[in-house]
Amino acid sequence: MRPLNDVRGETEPASVNGRARGVLERYAALLPVTSATPALSLQEGDTPLLEVPRLAAWAGVASLYVKFEGMNPTGSFKDRGMVVAVAKAVESGARTILCASTGNTAASAAAYAARAGVTAVVLLPRGKVAGAKVSQALAYGARAIALDTGFDAALDVARGLTARYAVELVNSVNPHRIAGQATAAYEICDVLGHAPDVLALPVGNGGNISAYWAGFRRYRDLGRTRSLPSIVGGQAAGAAPLVLGHPVESPDTIASAIRIGRPASWESAVAAATESGGEFRAVTDAAILDAYRQLARREGIFCEPSSAAGLAALRASVAAGRTPAGSECVCVCTGHGLKDAQFAPALEDDAAPLPATVEAVAAALGVAERRGS
Ligand code: F0G
């Protein structure tokens with residue numbers, strides 16, 4: 001491990017005089033903010049970029065970092081774009097924001113609506129959203145409506161509604177969401193001092209991969225970095241329209257956050273993968289859960305299963321000889337493990353309970369007694 005004081009320079013400081021700055025304040029110069037934009041914040045952004053040598057060995061690359069986006073205020077990367085989208089909605093006079101969601105967008109929209117004093121309506125595919133995400137959205141006071149369909153059709157309804165009624169769409173087809181999410185690319189470059197060779201992330205609706213690609217290009221155009229990363233997008237094998245090249249009618253995967261068959265940002269997602277010299281890669285549910293387990297056990301990073309699709313795709317890409325093993329890579333873990341913990345208990349053997357005594361536990365552990373006791 002590196003010494004504690006090995007800190008690199010930052011272009012945009014994450015805090016000033018000890019006070020953390022959220023995304024809108026820290027990257028104001030690079031966001032569509034005006035003097036009328038409210039200073040909305042839950043101190044999102046500035047998430048950990050963790051060097052993960054044991055995971056690098058597992059993935060087969062020379063150098064690997066995890067950008068742990070689960071450390072945002074609502075537990076996912078969505079907060080970066082949502083703070084911008086909600087601030088802009090409020091600036092334009094909107095009183096109600098609306099999204100369709102596989103869960104994380106809903107939780108984030110609900111939180112920022114509460115913070116801004118407006119109403120959030122979230123359309124959720126019934127029975128297909130991790131319970132903790134629904135609880136989160138409800139706890140923040142959102143109006144949650146279950147629709148008897150999948151995410152893709154729910155997004156169609158959201159788009160249809162916002163086209164005809166006075167409610168603001170905050171799905172990632174809203175360009176303010178993409179502008180905000182690009183700040184994750186800025187942060188990676190600010191911390192590393194350069195762009196990585198490869199960025200790997202899970203891809204569902206295609207918004208985040210588009211945002212990263214826009215962010216890395218922006219920093220390069222500003223002269224803050226010299227190179228651009230190749231972007232590897234991981235899709236679940238049962239929900240891999242961007243790998244197959246055509247929509248998937250009934251997407252099927254345990255990775256519920258990315259169970260999407262018709263990505264709304266199809267073209268910009270394809271542009272990010274192809275222009276960057278990267279690729280989309282389909283990974284099985286078993287490979288996703290393996291990566292999920294490795295993140296937690298090798299490095300102490302507990303993300304939700306969908307979040308691990310980027311790492312699974314990176315490993316597969318290296319094994320296929322598509323990504324060079326000598327690359328410096330950053331893997332984005334998009335959401336926190338506590339959001340979708342149903343696959344975690346299966347990682348542990350079901351141990352029978354022991355009598356509640358020191359001796360019984362010590363005997364089970366097989367630990368040596370302290371000398372003199
Ligand atoms: N990872 C997580 C944890 C997500 O929640 C999502 C998307 C993605 C990755 C994929 O990002 O859609 O920009 O390609 N979740 C959306 C939602 C669809 O409604 O919360 P994308």
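Restricting the range 274-295 to residues that are of a type in the set (Ser, Thr, Tyr) and part of a helix (DSSP H, G or I) leaves a set whose member that is farthest from the chain's Cα centre (by Cα) is THR274. What tally of residues in the range 299-315 results from selecting those that are in contact with a Lys or Arg (Cβ under 8 Å, 6 or more places away or on another chain), more than 15 Å from ILE231 (Cβ to Cβ) and more than 9 Å from the ligand (Cβ to nearest atom)? Of the residues in that region, 1 qualify. Taking first residues from the range 209-229 that are closer than 10 Å to SER276 by Cα and partners that are more than 16 Å from the ligand (Cβ to nearest atom) and in a helix (DSSP H, G or I), the Cβ contacts under 6 Å between residues at least 6 apart in sequence or on separate chains come to LEU228/ARG220. Taken as a whole, the condition of being open to solvent by 50 Å² or more (accessible area, probe 1.4 Å), within 15 Å of the ligand (Cβ to nearest atom) and either hydrophobic (A, V, I, L, M, F, W, C) or without any contact (Cβ under 8 Å) to a residue 40 or more places away in the chain (or both) applies to VAL157. Among the residues making up the range 55-80, those that are part of a helix (DSSP H, G or I) and open to solvent by 10 Å² or more (accessible area, probe 1.4 Å) are ALA57, TRP58, MET71, LYS78. Suppose the filter is open to solvent by less than 40 Å² (accessible area, probe 1.4 Å), at pLDDT 95 or above and outside any helix (DSSP H, G or I); does VAL173 pass it? No; evaluated as a whole, the condition is false for this residue. Note on the range 107-125: among residues that are in contact with a Lys or Arg (Cβ under 6 Å, 6 or more places away or on another chain) and within 13 Å of the ligand (Cβ to nearest atom), the one that is farthest from PHE77 (Cα to Cα) is ALA107.
From the list ALA214, ALA195, ALA185, ALA179, which residue is within 21 Å of GLY45 (Cβ to Cβ), at pLDDT 95 or above, away from the ligand (no atom under 12 Å from the Cβ) and part of a loop (DSSP other than H, G, I, E, B)? First the steps, then the outcome.
On the way: ALA214 fails: part of a loop (DSSP other than H, G, I, E, B); ALA185 fails: part of a loop (DSSP other than H, G, I, E, B); ALA179 fails: part of a loop (DSSP other than H, G, I, E, B).
Only one candidate qualifies: ALA195.
Going by what's in this entry, would LYS128 be described as part of a loop (DSSP other than H, G, I, E, B) and either within 13 Å of the ligand (Cβ to nearest atom) or polar (S, T, N, Q) (or both)? So LYS128 fits the description; yes. The set of residues from the range 329-347 being of a type outside the set (A, V, I, L, M) and either within 16 Å of the ligand (Cβ to nearest atom) or surrounded by fewer than 17 Cβ atoms within 10 Å (Cβ to Cβ) (or both) comprises CYS331, CYS333, THR334, GLY335, HIS336, GLY337, LYS339, ASP340, GLN342, PHE343, PRO345. Give me the residue from the range 240-252 that is in contact with a Gly (Cβ under 8 Å, 6 or more places away or on another chain) and open to solvent by 40 Å² or more (accessible area, probe 1.4 Å) and, out of that set, nearest to GLY278 (Cα to Cα). Step by step, filter the range 240-252, then rank; the result is PRO247.
Of everything listed in (1) in contact with a Leu (Cβ under 7 Å, 6 or more places away or on another chain); (2) within 26 Å of ARG80 (Cα to Cα), the single unmet condition for ALA309 is (1).
Scanning the range 86-106 for residues that are assigned to a helix (DSSP H, G or I) and more than 16 Å from the ligand (Cβ to nearest atom) yields a total of 5. Candidates are the residues of the range 103-120 that are buried (at least 22 other Cβ atoms within 10 Å of the Cβ) and among the hydrophobic types (A, V, I, L, M, F, W, C); the one that is nearest to PRO38 (Cα to Cα) is ALA113.
Out of the range 299-328, which residues are of a type in the set (Asp, Glu) and surrounded by fewer than 24 Cβ atoms within 10 Å (Cβ to Cβ)? Spell out the reasoning first.
Filtering the range 299-328 down to residues of a type in the set (Asp, Glu) leaves 299, 304, 328.
Passing the criteria: GLU299, GLU328.
Per the listing ARG298, ARG322, the residue uniquely more than 21 Å from ALA211 (Cβ to Cβ), basic (Lys, Arg) and not in a helix (DSSP H, G or I) is ARG322. A single member of ALA282, ALA237, ALA255, ALA264 is more than 15 Å from ALA200 (Cα to Cα), away from the ligand (no atom under 12 Å from the Cβ), touching a residue at least 24 places away in the same chain (Cβ under 8 Å) and buried (at least 16 other Cβ atoms within 10 Å of the Cβ), and it is ALA237.
The residues of the range 35-51 that are without any contact (Cβ under 8 Å) to a residue 60 or more places away in the chain and open to solvent by 70 Å² or more (accessible area, probe 1.4 Å), listed by number, are SER35, ALA39, GLN43, GLU51. Among the residues of the range 217-231, the ones that are assigned to a loop (DSSP other than H, G, I, E, B) and under 18 Å from VAL283 (Cα atoms) come to 0 in all.
The values are calculated or read from the model by the stated rules, or taken from the named source; none is laboratory data. Just so we're clear, the structure is a prediction, and the values are computed from it rather than from any experiment. Note that we place each Cβ from the backbone using ideal geometry, even for glycine, and neighbour counts take in every protein chain shown. These area figures cover heavy atoms from the full protein model, side chains too; ligands, DNA and RNA do not enter into them. Shrake-Rupley method; radii C 1.70, N 1.55, O 1.52, S 1.80 Å.
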